[in-house]
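Here the structure is laid out as structure tokens; the discussion comes afterwards.
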Amino acid sequence: MILRNPLVMTPGPTPIVRSIQDAMGRETIGFNDPRLVADFRALVDDLTSLWKCDGLAFIVAGSGTMAMEMGIVNVASPSDRVLACSNGFFGDRYVDICSRKGFETETLRPAHWGESVTVNAISDKLSEKNFDVLMLTQVETSTGVEFPLRELCLMMRASYPDTLIVVDGVASMGGVDFYMDWGVDVIVTCSQKCFGIAPGLGMLWASKRALEKRESMGQITETYIDFEKWVPVMRDTNKYWGTPAVNMIWALCESVRIIKEEGLENRFKRHRYYASAIRKSLRAMGFGIGTSEEMASPTVTVAKYPEGCGLDDAAFRNKVYGEGVHLAGCLGEFAGKGFRIGHMGNIDEGILVAMIAAIERASIKCGYKIEPGVGLGTIQRALLDM
Ligand code: PMP
């Protein structure tokens, strides 16, 4: 018998607070009802200004992958050269999108799964050859690796200012330090990650330069995700292209209200603190971490089973589920060797403690010999130190 749903500690969806659930459950009105038009207007303005974007924010119904596709097809012509940095499964997805579109795409990968392509490797590549677009993933969800985006932006501004930068911010935007004025041209995300809403909305920020690039490209083969179709709507939310997801827009309004109340800088700090506390606690229980401390992301952690601990991946995660927490399995080279935790959005210390407690109980019930309280004590101390 299930008394309550498990805590959703996956890298999307993430826990949804009551006020956002309520926004999604409101009675739906027409998309050209003046009340929705006004809410949509305020939302686009908030997203644009909060992330210091000199261009425009877009809100379009769809998943993160749609936003990724929208992000690249509006700033790269088939004749353009794209340098794609892939740190894992979702980086490879972007490479696949670029290849299918027929861009001349070259890919950089780190030496090992669980690492990031370095700024030096990118700079070396760009010194050999000119690329029109550089593409990367800020947080690679399959490995829990954070790309050194600020450092990259400084290097690009100084040495390659003409190359457009397109970022998959699906697992980072709204939780990890970032502003458009670092010099990024396009960043994309979606509703079910750091914004803490149900899946269904794609969000995209385009710099003034990205909008100008689209204007210079003429007609593109895509229709639904064409900037030319959506720019008029984002500039005047009374206009129509594809039906806006009315209730999801309200949910995003509430999410942004919460973000503004917390403050972006505080939110970024909180995500880093929580991630560090989770890693300490996992280590105290004997688990490995899928990447180094320097590259570990504030939003997603890969925990690896200790050698010889006897834990079977599927059985263990089922047990954790039974203890009230939904974790994700690993992907790629880490598949079967560990589990992934999404710790992003509107979560708090109570949620983290409950999650560690469930992992601890499930470990012991599955025969992995750890002292009850070893993980819990560590996370409590880490949270008290913050
Ligand atoms: N990029 C990253 C980094 C992701 O984590 C995900 C989803 N886990 C996606 C892209 C794809 O998003 P969606 O599943 O919403 O299409």
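The values are calculated or read from the model by the stated rules, or taken from the named source; none is laboratory data. Since the model is a prediction, treat every value here as computed from it, not as a measurement. Ideal geometry is used to build each Cβ from the backbone, glycine not excepted, and the neighbour counts take in all protein chains shown. Accessible surface areas use protein heavy atoms only, side chains included; no ligands, DNA or RNA. Shrake-Rupley method; radii C 1.70, N 1.55, O 1.52, S 1.80 Å.
Points worth noting:
- By the Stokes-Einstein formula, at 0.890 mPa s and 25 °C, segment 271-367 with its Kirkwood radius over alpha-carbon pairs has D equal to 183 µm²/s.
- Between LEU384 and SER99, the FRET efficiency estimated from the beta carbon spacing at R0 = 41 angstrom works out to 0.25.
- Derived scalar couplings between HN and Hα for segment 193-199 equal 10, 6, 7, x, 10, 5, x Hz in order, rounded to whole Hz, by the Karplus curve 6.51 cos²θ - 1.76 cosθ + 1.60 (θ = phi - 60°), x for Gly and Pro.
- Rg(Cα)/(2.2 N^0.38 Å) for the chain, N = residue count: 1.00
- Site pair SER292 and SER159 shows an inter-label distance of 1.9 nm when each label is modelled 7 Å from Cα along Cα→Cβ.
- Note: segment 222-330, Cα convex hull, 208 Å³ per residue.
- A Förster distance of 30 Å, applied to the separation of the beta-carbon atoms of GLU265 and SER79, puts the FRET efficiency at 0.15.
- Under the simplified labelling scheme, the TRP241-LEU3 pair shows an inter-label distance of 4.9 nm, with each label point 7 Å from Cα along Cα→Cβ.
- Take segment 18-262 with all the other protein chains still there, run a 1.4 Å probe, and you get 38 Å² of accessible area per residue.
- Percent of Cα pairs exceeding the 18 Å cut-off, where the set is segment 34-108: 53
- The chain, accessible surface, carbon-and-sulfur percent (1.4 angstrom probe): 50
- Placing +1 on the Cβ of every Lys and Arg and -1 on the Cβ of every Asp and Glu, with nothing else charged, gives the chain a dipole about its Cα centre of roughly 820 debye.
- Unsatisfied cross-links (Cα-Cα over 27 Å) in the set LYS101/LYS239; LYS52/LYS193; LYS280/LYS319; LYS213/LYS269; LYS280/LYS369: LYS101/LYS239; LYS213/LYS269
- Leading residue at positive end of dipole, the chain (Cβ point charges), from ALA357, VAL17, VAL119: ALA357
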